[in-house]
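Structure first, then comments.
The values are calculated or read from the model by the stated rules, or taken from the named source; none is laboratory data. Note that the coordinates shown come from a computational prediction; the quantities given were computed from them, not determined experimentally. A quick note on method: Cβ atoms are made from the backbone with ideal geometry, for glycine too, and the neighbour counts reach across all protein chains shown.
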Amino acid sequence: MTLINKTLESSSKYAYLFPGQGSQAIGMGKELYENSAAAKDLLENIDEALGRNLTEIMFNGPEDELKKTINAQPAIMAISLACIKAMNENIAPSKINSPILLAGHSLGEYTALAVSEVLNIEDTAWLVQKRGELMQKACDQNPGSMAAILGLDEMIVQEIAIETGTYISNINTPDQIVISGDRINLARALDLASLRGARKAVPLNVEGAFHSALMKPAMIGLIDAVNELEFNDPKIPIVANSSAVPLNTGDDIKNELITQICKSVQWNKTISYMMNNGISRFIEIGPGRALSGMMKRIDRKANISNISDMKTIINFSNN
């Protein structure tokens, strides 16, 4: 199933960005389901591929169920793909260019697999659900959490992480860095960050210490899951979370998916790479506006649009 429609060439170079866990909200996708036949078909296909009614949880909750890693991850991926199907139905090819690069924040990297036809949609959904299961188990095995530090240089945060036995998990913008670790060490790290001048240092409401060594059990399990599937070379290069350089082969992508679960998400470098390589227009596709917010902290002049529902699709089409 092809997700990207071929469009007219122009001087604007587009990149699509896909959000990660934390952007979920009850009711997401319901408007798409009710107003786009293509989005409805896609969401029903994903339900069938997963063997469960994920759309029911997305549309009606409860919130505690939706925020579980095993549900949040495939749900966010599904909504991003449903947005693309609805875009194809409602936006004329002359209004939007095919992307020349893709990137996704953590989980969002998996969404990019389907868009770039590395995997079909059903296999992508299965792999995302498997990743969620493995990460949920790792959270139970190695309890921990995450915290955001704003206003400190990366080198200072790295020193704090070393001193407290925590890990840098996301470098989202020049001054927004997320750390992971067990809760005792995280509390120590937040105290140190405040003492060293952080503008803000706050714990995040997440289930585990994602993108850290505490996820190693999930990484080991993911090796078997990834090797069950055949990966195609991407039709559109995907800029890797862990290295901020494009992945051009199926084997490169396999290695990235296995290792990124324990490595830092280099989002600031990812966006910088895209800008330095001619991207002039970014589109965040999926629930929430987290990546749009980060973009403005990386470059206030960046041209970014958000597509998350029918309203934003129609607005994009009309502009």
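Can you find a residue in segment 242-256 that is over 17 Å from the mean Cα position of the chain (by Cα), modelled with pLDDT under 95 and not hydrophobic (A, V, I, L, M, F, W, C)? Break it down stepwise before answering.
So in segment 242-256, the residues over 17 Å from the mean Cα position of the chain (by Cα) come out as 248-252, 255.
Subsequent filtering for residues that are modelled with pLDDT under 95 retains 248.
Imposing the further condition that a residue be not hydrophobic (A, V, I, L, M, F, W, C) reduces the set to 248.
Yes - at least one qualifying residue is present in segment 242-256.
Could you tell me which of the residues 96, 84 is surrounded by 20 or more Cβ atoms within 10 Å (Cβ to Cβ) and modelled with pLDDT under 95?
Among 96, 84, only 96 is surrounded by 20 or more Cβ atoms within 10 Å (Cβ to Cβ) and modelled with pLDDT under 95.
Pairs under 8 Å by beta carbon, first residue in the same structural domain as residue 47 (by TED's automatic domain parsing) and more than 15 Å from residue 47 (Cβ to Cβ) in segment 57-85, partner acidic (Asp, Glu) and not in a helix (DSSP H, G or I), six or more apart or different chains?
Listed pairs, sorted by first residue: 67/207; 68/207; 69/207; 83/309.
Which residue out of 117, 133, 109 is of a type in the set (Asp, Glu) and on the phi > 0 side of the Ramachandran plot?
117
Could you tell me whether any residue of segment 264-275 is in contact (Cβ under 8 Å) with a residue 12 or more places away in the chain, in the same structural domain as residue 228 (by TED's automatic domain parsing), touching a Leu at 6+ places or on another chain (Cβ under 9 Å) and in a loop (DSSP other than H, G, I, E, B)?
No, there is no match, as no residue in segment 264-275 is in contact (Cβ under 8 Å) with a residue 12 or more places away in the chain, in the same structural domain as residue 228 (by TED's automatic domain parsing), touching a Leu at 6+ places or on another chain (Cβ under 9 Å) and in a loop (DSSP other than H, G, I, E, B).
Table: residues versus (1) among the aliphatic types (A, V, I, L, M); (2) within 30 Å of residue 120 (Cα to Cα); (3) in contact with a strand residue (DSSP E or B) (Cβ under 9 Å, 6 or more places away or on another chain).
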position	(1), (2), (3)
195	yes, no, no
198	yes, no, yes
221	no, yes, no
227	no, yes, no
241	no, yes, yes
261	yes, yes, no
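Restricting attention to segment 210-228, which residues are crowded, with 17+ Cβ neighbours inside 10 Å and either in a loop (DSSP other than H, G, I, E, B) or among the basic types (Lys, Arg) (or both)?
Selection gives 210, 211, 212.
Consider segment 120-137. How many of its residues are part of a loop (DSSP other than H, G, I, E, B) and buried (at least 23 other Cβ atoms within 10 Å of the Cβ)?
Looking only at that region, the number is 0.
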